[in-house]
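Read the structure below first, then the notes.
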Amino acid sequence: MAAEKNLYDTMLARSFSKHEQKKLGYGALIACFLFTLSLCTIFKPYLVPLTVDLNLRLTMGVAQKMMATNDKILEISKNNLPEDGLTIDSENLDKSQMQIVKISSINNEILAVNDHTSSNNQETLQAVNETNTIDIAELEPILKDSRLQNVTSDVRDVPKKTELMCNMEGSRTDYCEIINGDIRIDSKSASVFVSSSDLQTENSTWKIRPYARKGDVTAMDHVREWSVVKKSDQLPICTQTHNVPAIIFSNGGYAGNNFHDYTDVVIPLYLTARQFKGEVKFLVTDKREFWLGKFSDVIKSLSNYEIIDIDNEQSTIHCFESVIVGLKRPHGDKELTIYPSKSPDHSMKDFRKLIRSSYSLKRNKAIKLRDGSRKRPQLLIVARKRTRAFTNVGSIAKMAKRLGFRVIVSELGMNVTRTAELVNSCDVMLGVHGAGLTNIVFLPENAVLIQVVPFGGFEWLAKYDFEEPSKGMDLKYLEYKIDVQESTLIKQYPPNDVVLTDPGLVNKNGWETFKTIYLEKQNVNVDISRFRDTLVKALELLHK
């Protein structure tokens, strides 16, 4: 062995000088140091003792449980510990009381650790390891103590405060909204009773006709009046209890007229019910079976439940926790409209999306024409039978075909599904001012509405009923105002009659006079040559 060492030293001495040997030794030492440092740097995150992490996780988890039960523990402690609460004689406390003392002490330490963690995490880790390590097995019987078992449920079962808000200031609707209340609906007296034990409102009764055309006497005379009543005692006994909210609204008023169906009922119902995402029951007063059948698809999109004919429930007391009596119409007098500024979570675009979904409509966008394209846009001419009808619809259709339209003439009947599919297939819709134009809700975006405005001062009606709403639906709008010579009134009145010479003066006699003469007695014979420019303009809009 010594011989081999001498041989090694001899070879090393021959290969390197003493100075070089010394340098080589230093270099090897430095290399070992760097290698060790690299290993420490790489594996440092994994070298933290697992017990620290485990204890921290355990501490945080138990802390959450302790926070949830802290109030209950204090309550039990007060009932079991000495009155002074300062000096504890362990010899005079039973096992359960000692456990309460211990868990209270640990809880306070955990809360202190949690507060400290945000400012000095590393010190907290060390403190947790060096002080209390919580034994879950030891805490288990404490947490299962019969006096602590209902802590979580006690927190959940804290009664929510009843909220009652009635808006009687709207120009077109009144409504009351009751949330988290003891609400009992008595159809026989048309009353909605609300337990007033925790209500601080001054009024005790509100009268509401749940139809969104307040101010129209004719319409509201056909709507049943309901009362929302605060009552502190002798509430009627529940015979049927519901676990979802309810909305009470009317099928009265002008329901059945297509325009009023949407602007007075369907759109306000959408604004009122959409927040519940189907989990709401509709209680209909003044029920009209044909109306519910007509709009069954929309109703199913807004509610997952069968409609309750509340007027026929006179032997039943329906009980709810939340009820809205009446429909919301924040846009006031505006027709077929939703203002996002007043209904932040809703818009006409969203409403039309619901309509397309309810009737499975395929087209979102109208045709976009391009130069040289052979595609032909589809024109729908809305025909009418009784009043404000086209007397030369055949001539209009022929001219439109010559301009490049495919033409459909239809009266758009009561079957909403067929009407929706037909209107959605069209790119341009043409009609004289009337309820039939309400079907623009089914048109695809960027389609064109052409409203023919009858003679007699219809401009304000044309604007508010269809021009402004069409723009809110992302449609393009054109208007054709007929001349007195295009009105059939010239065959009913002499040329110098005030009906023909000064409609404004006639209209000063009131709505009924205007309605009788200009709405009910007039048909339209369009000047084909003059009207041609309007159809050409519609083609131009489809190019944009």
May I ask you to list pairs of residues, at least six apart or on different chains, whose Cβ atoms are under 8 Å apart, with the first in region 368-393 being of a type in the set (D, E) and the second being buried (at least 16 other Cβ atoms within 10 Å of the Cβ)? none
Residue check for D474: touching an Asp or Glu at 6+ places or on another chain (Cβ under 9 Å) and assigned to a loop (DSSP other than H, G, I, E, B): yes
The residue that is farthest from the chain's Cα centre (by Cα), considering only those in region 329-343 that are under 11 Å from L271 (Cβ atoms) and of a type outside the set (V, I, T), is H331
Filter region 484-508 down to residues that are among the polar types (S, T, N, Q), open to solvent by 40 Å² or more (accessible area, probe 1.4 Å) and not in a loop (DSSP other than H, G, I, E, B) and give me whichever is nearest to P454 (Cα to Cα). Q485
Return yes when D286 is touching a His at 6+ places or on another chain (Cβ under 8 Å) and either among the acidic types (D, E) or surrounded by fewer than 21 Cβ atoms within 10 Å (Cβ to Cβ) (or both) and no when it is not. yes
What do you reckon, is V409 surrounded by fewer than 17 Cβ atoms within 10 Å (Cβ to Cβ) and within 25 Å of R532 (Cβ to Cβ)? yes
Does K300 satisfy the criteria of being at pLDDT 95 or above, open to solvent by 60 Å² or more (accessible area, probe 1.4 Å) and part of a helix (DSSP H, G or I)? yes
Which numbered condition W511 misses (of (1) open to solvent by 40 Å² or more (accessible area, probe 1.4 Å); (2) at pLDDT 95 or above): (2)
I need a count of the residues in region 169-194 that are under 24 Å from T239 (Cβ atoms) and open to solvent by less than 20 Å² (accessible area, probe 1.4 Å). 10
Answer from R356, R363 - the residue that is modelled with pLDDT of 95 or more, under 28 Å from N415 (Cβ atoms) and within 18 Å of the chain's Cα centre (by Cα): R356
Within region 413-431, which residues are in contact (Cβ under 8 Å) with a residue 12 or more places away in the chain and part of a loop (DSSP other than H, G, I, E, B)? M414, S425, C426, D427
Out of the strands (runs of 3 or more DSSP E) lying entirely within region 304-385, which hold 1 or more residues that are surrounded by fewer than 22 Cβ atoms within 10 Å (Cβ to Cβ)? 317-320, 378-382
With K481, K476 as the choices, which residue is touching a Pro at 6+ places or on another chain (Cβ under 9 Å) and either touching a residue at least 40 places away in the same chain (Cβ under 8 Å) or surrounded by fewer than 16 Cβ atoms within 10 Å (Cβ to Cβ) (or both)? K481
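The values are calculated or read from the model by the stated rules, or taken from the named source; none is laboratory data. In this text, all values refer to a predicted model and were calculated from it rather than measured experimentally. Counting neighbours? That spans all protein chains shown, and the Cβs are built from the backbone with ideal geometry, glycine included. These accessible areas exclude ligands, DNA and RNA; they are computed on the full protein's heavy atoms, side chains included. Shrake-Rupley method; radii C 1.70, N 1.55, O 1.52, S 1.80 Å.
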